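Everything on this sheet refers to the single structure shown next.
Please treat every number below as a calculation from the coordinates, not as lab data. Predicted model, so just to flag it, every value in this text is computed and none were measured. Don't worry about glycine lacking a Cβ; one is built from the backbone with ideal geometry, like all the others, and counts go over all protein chains shown.
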């Protein structure tokens, strides 16, 4: 009962002091041990808002990994092919079927010990490029240029995405604007995002309705 009375007193003190200058209120909060900790403020921002004014590459990397994606940075083509071989070895994909939609992407990796198919059924993984990488959600933006008219659930569970650092953007809005400008005469259809790269708890509303994929991102430096 004493604790309740004390809490009521504190409440009325704040009501009376409301018109005071902000720094006076902060002093009262500190006095009663009610000041919000900086760690709490950071936590409230949530996992998709790491730090204000964060560079877009760091922003994307943070959110992409939070989503469960696997990220490999490559400074040049040699490193790109080295990392690709590592992925094949790690998953036992040598001599396995790799589905592709973009012939140019398949041609880039034809020297590797894999078999290419343009049919997703029974393929072991999907190798593709993308439209853009979205920093504020850690998502990979794709369209009919990468997947045709297929739905994500019709594609293999395992994805290997090839992207360049020049494709990093902060928001989905920027990505759509860039797509409109780039494909001025033929805007792609079937635009969607890959943003769930591991099985999430059912209570995680941010991934509700998303198709989960096991995704490797090979990011090639081109800036």
Completion exercise
Per its Cα gyration tensor (rounded if a/c is under 1.5, else prolate when a/b beats b/c, else oblate), the stretch 80-132 is best filed as oblate
Exercise for the section: Evaluate the relative contact order of the stretch 89-221 (contact order divided by residue number), counting alpha-carbon pairs under 8 angstrom at least 6 apart; express in whole percent. Expected result: 24
Fill in the blank from the handout: Here, residue 198 and residue 222, labelled 7 Å along Cα→Cβ, have an inter-label distance in nm of 3.0
Practice task
Averaged over every viewing direction, what's the projected area of the C-alpha convex hull for the stretch 50-220? Give it in nm², one decimal, please.
Solution key: 10.2
Problem - Where labels lie 7 Å past Cα in the beta-carbon direction, separation of residue 112 and residue 184 in nm - result: 3.5
Handout entry: Virtual spin-label span in nm between residue 164 and residue 78, 7 Å along Cα→Cβ
Key = 2.1
Handout entry: Distance histogram for the stretch 111-201 (every C-alpha pair counted, 5 angstrom bins, percent rounded to whole numbers)
Key = 3, 12, 23, 24, 18, 13, 7, 1, 0
Practice task
Could you rank the peptides 101-112, 116-127 by their average count of other C-beta atoms within 10 Å per residue, with the highest value first?
Solution key: 116-127, 101-112
